[in-house]
Amino acid sequence: MPYTEDHIRNKLIKDLDAVHVEVVDQSDGCGAKFAAVIVSNKFEGKPLLQRHRLVNSVLSEELKEIHAFSQKTLTPEQWEKE
């Protein structure tokens, strides 16, 4: 089953209490390549690798079918600076 931008966005918002999530389907509609920007307080004090592992654990089922997933993980403070 191909996943949608909305499915991934909603799951990240719910599971990470994300304050901002942007998801872009880069797969020309097949639902197998996504890019995401995720802003969450849960990233506070965590290094980049730990943040990415947290996101990957939330999307563990989806990543079995998604072939490419790029992510940018920011705290709300980092997001405001950008």
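Show me the helices (runs of 4 or more DSSP H) found entirely inside the chain where at least 2 residues are free of Cβ contacts under 8 Å to residues at least 40 places away in the same chain and among the acidic types (Asp, Glu).
On the way: elements: 5-16, 48-58, 76-81.
Ranges flagged: 5-16, 76-81.
So which of SER40, SER57 ends up being open to solvent by less than 80 Å² (accessible area, probe 1.4 Å), more than 23 Å from GLU82 (Cα to Cα) and modelled with pLDDT of 95 or more?
On the way: SER40 fails: more than 23 Å from GLU82 (Cα to Cα).
Among SER40, SER57, only SER57 is open to solvent by less than 80 Å² (accessible area, probe 1.4 Å), more than 23 Å from GLU82 (Cα to Cα) and modelled with pLDDT of 95 or more.
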Taking LYS33, is it open to solvent by 60 Å² or more (accessible area, probe 1.4 Å) and touching a Leu at 6+ places or on another chain (Cβ under 7 Å)? no
Determine whether segment 21-28 contains at least one residue that is surrounded by 15 or more Cβ atoms within 10 Å (Cβ to Cβ), modelled with pLDDT under 95 and among the hydroxyl-bearing types (Ser, Thr, Tyr). yes
Tell me which residues, restricted to segment 65-77, are open to solvent by 80 Å² or more (accessible area, probe 1.4 Å), out of contact with any strand residue (DSSP E or B) (no Cβ under 6 Å at 6 or more places or on another chain) and at pLDDT 95 or above. GLU77
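Hey, does segment 27-36 have a residue that's of a type outside the set (A, V, I, L, M), out of contact with any strand residue (DSSP E or B) (no Cβ under 6 Å at 6 or more places or on another chain) and more than 15 Å from LEU63 (Cα to Cα)? First the steps, then the outcome.
The first filter runs over segment 27-36 and keeps only residues of a type outside the set (A, V, I, L, M), leaving 27-31, 33-34.
Next cut, out of contact with any strand residue (DSSP E or B) (no Cβ under 6 Å at 6 or more places or on another chain) only: 28-31.
Checking which are more than 15 Å from LEU63 (Cα to Cα) leaves us with 28-29.
The answer is yes; a qualifying residue exists.
The values are calculated or read from the model by the stated rules, or taken from the named source; none is laboratory data. Keep in mind it's a predicted model, so treat the numbers as computed, not measured. Quick reminder, even Gly has a Cβ in these numbers, built from the backbone with ideal geometry, and neighbours come from all protein chains shown. Calculation scope for accessible area: heavy atoms of the full protein, side chains included, ligands and nucleic acids excluded. Shrake-Rupley method; radii C 1.70, N 1.55, O 1.52, S 1.80 Å.
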